[in-house]
Structure formats: structure tokens, C-alpha cells
1. Quick one: is Tyr103 among the aromatic types (Phe, Trp, Tyr), out of contact with any Phe, Trp or Tyr (no Cβ under 6 Å at 6 or more places or on another chain) and under 29 Å from Asn280 (Cα atoms)?
2. Which numbered condition in (1) in contact (Cβ under 8 Å) with a residue 60 or more places away in the chain; (2) surrounded by 14 or more Cβ atoms within 10 Å (Cβ to Cβ); (3) in the same structural domain as Lys177 (by TED's automatic domain parsing) is the only one that Gly65 fails?
3. From the residues in the range 273-299 that are among the small types (Gly, Ala, Ser) and either surrounded by fewer than 19 Cβ atoms within 10 Å (Cβ to Cβ) or within 31 Å of the chain's Cα centre (by Cα) (or both), which one is farthest from Leu127 (Cα to Cα)?
4. Given the conditions (1) among the basic types (Lys, Arg); (2) buried (at least 18 other Cβ atoms within 10 Å of the Cβ); (3) part of a loop (DSSP other than H, G, I, E, B), report the number of the one that Lys386 does not fulfil.
5. For the range 163-186, which residues satisfy the criterion of being in contact with a helix residue (DSSP H, G or I) (Cβ under 6 Å, 6 or more places away or on another chain), under 20 Å from Val113 (Cα atoms) and not in a loop (DSSP other than H, G, I, E, B)?
6. Quick one: in the range 1-55, which of the residues that are within 18 Å of Phe350 (Cβ to Cβ) and among the β-branched types (Val, Ile, Thr) is surrounded by the most Cβ atoms within 10 Å (Cβ to Cβ)?
7. Considering each of Tyr180, Tyr207, Tyr270, Tyr238 in turn, give the residue that is at pLDDT below 95, at negative phi, surrounded by 21 or more Cβ atoms within 10 Å (Cβ to Cβ) and of a type outside the set (A, V, I, L, M, F, W, C).
8. Listed residues Leu327, Leu395, Leu366; which is touching a Leu at 6+ places or on another chain (Cβ under 7 Å) and not in a loop (DSSP other than H, G, I, E, B)?
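The values are calculated or read from the model by the stated rules, or taken from the named source; none is laboratory data. Being a predicted model, the structure only gives us computed values, none of them experimental. As a convention, Cβ positions derive from the backbone with ideal geometry for all residues, glycine included, and neighbour counts pool all protein chains shown.
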Amino acid sequence: MKLTDSFVTTLRDAPKDALTINHQLLVRAGFVRQLMAGVYTYLPLGLKVLNKISQIVREEMNEIGSTEVLMPILHPAINWKITGGWDKIDVLFKVKSRTKRDYALAQSNEETVTPLTSEFIHTYKDLPLSIYHINWKFRDELRSKSGILRGREFLMKDLYSFHIDQEDFDKYYQTAKKAYLRVFERLGLVAKVTEASGGGFSEKVSYEFEVLTSAGEANILYCNNCEYCVNIDDIKKYNEGDNCPLCKKAKLKASLASEVGNVFDLGQKYTKAFGLTAVNEKGTKVYPIMGCYGIGISRTMGVIVEKFHDDKGIIWPREVAPFDVHLVGLNGKGEDLYKKLKENHIDVLFDDRDLPAGQKFNDADLIGIPVRLVVSEKTCEKIEFKERTSDKTELLSFDEIIKKLK
């Protein structure tokens, strides 16, 4: 993509109301624009990152046998009244049509996935069943803040699983947990599996996947020696400095963290509400156990920026960067190299603007693509190669560049 042909504009200064790093840098670097508090337009660079995060999530969900669907955002009120969510969930956006009918905007999809799967689940032979979708969600947050970490409109992956009994759910949870950890590892994040309350979704203990960051809103205690981690806002059994209750070998540390994913054991709450039953191996009708597994796609994008940046701008991990290479052409150079890179299937952002070199270099650092290439009269037949995480530059041939990139 050429910058002269694109819908990409960088800013010298962040908006005055941008209080978090992700809000400041994503706006300045041309990834998003805020329409109102908690609602953002994702510009071409931002959309590419969202799509890359979504694709990593999609690949790992497919790997564990889940099937992708796309469920509606607009729901009939009756589904939410059946489960009690219409009156109990205070963040639910409610919409009244011209015909005076009531609707809800999806803040989750238990109310649509359960009646949907009732058409397909009849006996234990139809289970376990697992489906997911990636779609926009809406929550009427009173204080929408922290950039794209907490929005009124946000992109999310929901996976729902159905099981004939608790044992089968517990087994699948372990599979999903490993898949989640693979997702976050591919995104360059270290996520801690954290015990928390089930909130409005379940009375049982749930699990959150938290990334340590000063921009986080969750207070957690974690162990450096093992995987133990707990949200102390919900479970106040332990304090900082206590011995780890799991490994007994280290002291618990306190930290702020940002939730990027969660798992809820929904039990039979929704299957009972919608009358979804399955005949087990003994010939008895039972209500299947449900699980809900979420990953905040847009939220995770914000967390990545909070974790990976410096005083110059964003530093995107390679798998989610909007492009493989940021090509800076000086003195009208770069067109031939741009074409050759594309021919070699390198996804390249080409800064072909007629601007001073310093401004182009600053924008490259701000946008944060992993590799910067520079061509000018000074480089002659060579190409200047620089990684975003390094101050070192090298003059390399085209073949050497391709070898490094691949």
C-alpha cells in the first residue's frame, strides 16, 4: 500500500482526552479515530491489525474442533426475558422499534446460541458441540475509558460449547485453555489464567486471562514460581506477600492487569431456560452443560500497544503488525523496490510522500512496523535495513533483504 493512495494520516500530538498509551498512539499513528466515548472507527492500519488478531484466534479455535458461525447483533427482547437478563443486566442496550417491539443489542450471545443449537442437539451422540463467532458487541458502560480497552462497542470472539455432563465440560475446558494460551503466545503476550467470580454469567468460579500492564483495571495476585493467579477484587482470601497456596514455594505478588479473555462454566442455566435437553446413554433426558469462552479482539489490540511501545511510538509484534515492511523512499526512489517486494509476497507499506526524511522516519517509528527499509541516492544499489526494536542499520542487497524477511 502506498501512503499517497491510502487513508492514513499521522498526528504530531494526541487528543487532549486521550489518557492512556493505546488511545494516544493508535490515534497519532493513524490506526483509529474516536467517534464518541467508547466508540471508534478502525482506519486501514487498525483494521489490518484487527483482522490479523482475528485470524490467529480463528486458526486456534478451528484447531480444537470448533466451527465458525456468525450470529445476529440485534436480538428479540423475549430471549433476554426468558433468561432474566432483560431486567438484571444493567449494561444491556435496549432498542424499541417503530412498531413498539423491544430488542437488545448483543452484549453476549447465550440468548441466541442456545435456541439455535436446540435444533441440532438431541442425544449424547450430538455432543460435545462447539461453535464460535467473531462479531461486534455492545455494552452501556457508564464510564467508557482507557481507549479501546473499555468500549461501548467492541469486537469479540465468543465460543460456546455444549456437553452431556460436567466431566466432559471439564475436559474441554483444559483443551480450550491450552488453545487460549497458544493464541496469546502468538500475539506476543504472556497471559495468566486467573480465578474470578462468574459475574452475571454464572454463579461458579470463572477464569480470566490477564496480561500484566499498568493500564489494567483488574487487581490480581500471582505467583512467579507457578501458574497460580487470582483476581483479588472477587476473591479476598489472600494478600500480597502470602505464600502461594498452589506451589507453597513463593510469595504472592500484586499487579494491575488487563483482561484479554475469559471462560465461564454456565452450567445448565441457559439450557434449562430454553428447554434444551439431550438423551444421555442411559436413555434419560438431561440438560446439557454449557461453556462460554471469550476473547476481546479489539481490547487485545489495545493491550498489545500498552505492552509494546517506546517514546517514539508503537512496536508491533511481527504476527499482528499491519505490514511486514515499512519502505521509506527518499528523493523519489523506491518504486522499483516496492514492486519487487510485492512480487515476492512481502506485505509492504510504501512511504512515497514528498516529505523530509526526518518526518518519514518519525512516522515509521510511530506506526511501528517491525522492519524499516530505506532507499535513496546515498544507498546506491543497496537497501538500508533496520528493525524497529534496534538502532542498528545495515546496507544489504535485495536478495539479502528477502532472506532476512523470510
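1. No; evaluated as a whole, the condition is false for this residue.
2. (2)
3. The selected residue is Ser298.
4. (3)
5. Across the range 163-186, the qualifying residue is only His163.
6. Val8
7. Unique residue meeting the criteria: Tyr207.
8. Step by step, each of Leu327, Leu395, Leu366 is checked, and only Leu327 is touching a Leu at 6+ places or on another chain (Cβ under 7 Å) and not in a loop (DSSP other than H, G, I, E, B).
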